[in-house]
Amino acid sequence: MEKDKKTKITIEATVEAPAKTVWKLWTTPEDIIKWNSASDDWHTTRAENNLRKGGKFVSRMEAKDGSMGFDLSGVYDVVIPNTRIAYTLEDDRKVDIHFEDNGEETHITQTFEAESENPVDMQRDGWQAILNNFKKYAQEH
């Protein structure tokens, strides 16, 4: 494998809500802090989102016991309302999210470049857990 070639991981979920609703809940900071965690012992304490090409975002993710935390941040490369978001994370990894509007449900496909410090399965499971949290949150709102 080439040194610069990153492993791409794809996760998916179908949310029982129209794309316009899914988009709003996915991109609004007040909503992001309510669903953006991989497990019950983590939470997002702050979210900022300048949703436009070249705009920046940051989500502060912390363990609820205060033992650790980090900022997930990046810059938007593509923003097509209700359809697609692509961004580059602070560590130069690319993320691409597609929202497929099927009327009363929306299929989300998210592809991201893996980082090299954790096993691919662990990364896939963590990102999928966040996506599953989003699905649950969106279907309750």
Under a 1.4 Å probe, counting only protein heavy atoms, Tyr137 has an accessible area in Å², nearest 10, of 20 Å²
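Of the heavy-atom accessible surface of the stretch 17-78 (probe 1.4 angstrom), what whole percent is carbon and sulfur?
C and S atoms contribute 52 percent here.
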Please give the calculated 222 nm ellipticity per residue for the chain, where each DSSP H segment of at least 4 residues contributes -39500 (n - 2.57) and the sum is spread over every residue; nearest 500 deg cm²/dmol? -8000 deg cm²/dmol
A correct Stokes-Einstein calculation for the stretch 1-134, using the alpha-carbon Kirkwood radius, 25 °C and 0.890 mPa s, returns a whole-number D in µm² s⁻¹ of 159 µm²/s
Could you pull the accessible area for Arg52 with a 1.4 Å probe, rounded to 10 Å²? 120 Å²
Taking R0 as 30 Å and r as the Cβ-Cβ distance between Asp91 and Thr21, the FRET efficiency 1/(1 + (r/R0)^6), rounded to the nearest 0.05, comes to 0.45
With every protein chain left in place, what is the accessible area of Glu16 in Å² (1.4 Å probe, nearest 10)? 130 Å²
Figure the gain on full extension for Asp101 and Ser39 (residue separation times 0.36 nm, minus the Cα-Cα span) and round it to one decimal in nm. 19.6 nm
Residues Gln139 and Lys64, FRET efficiency given R0 of 35 Å [Cβ-Cβ distance, rounded to 0.05]: 0.90
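The values are calculated or read from the model by the stated rules, or taken from the named source; none is laboratory data. Keep in mind that this is a model prediction, so the values were computed, not measured. Don't worry about glycine lacking a Cβ; one is built from the backbone with ideal geometry, like all the others, and counts go over all protein chains shown. The protein model used for the area step is the full one, side chains on, heavy atoms only, and it has no ligands, DNA or RNA in it. Shrake-Rupley method; radii C 1.70, N 1.55, O 1.52, S 1.80 Å.
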